[in-house]
Amino acid sequence: MIAVIIVVLGVVDGEPFGTIIGGAIGDALGIAIQVAFWTTLTFALIDRFGTEAEAPVWSVDEIPDLRPAARSPRRRRSSRSPSTWP
């Protein structure tokens, strides 16, 4: 979104096409680096200062079985409606 705003502002200011695209790519790269840095720092701090007591202990056996019960086979339906077929 920010790159789009930068491109629009460059077009409005009458900058050359190469300058607009180069600036947008550079800004997008800078934004990506910032997002990666802050995300990594946040998870590193959570890992460093988090406690083990926060995570409850569970096992796979506690997950309920959500599969539907066995049913009689259904008749296959046509994908076309009778009103659309002559």
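None of the figures in this text is laboratory data; all of them are computed from the coordinates on show. Since this is a predicted model, take the numbers as computed values, not measurements. Methodologically, a virtual Cβ is constructed for each residue, glycine included, from the backbone with ideal geometry; neighbour enumeration extends over all protein chains shown.
Sequentially through region 13-23, phi angles give Karplus couplings (6.51, -1.76, 1.60; θ = phi - 60°) of 6, x, 6, x, 4, x, 5, 5, 5, x, x Hz, Gly and Pro residues having no value and appearing as x. Over all other residues within a Cβ to Cβ distance under 14 Å of A24, the charged ones net out to -3, with Lys and Arg as +1 and Asp and Glu as -1.
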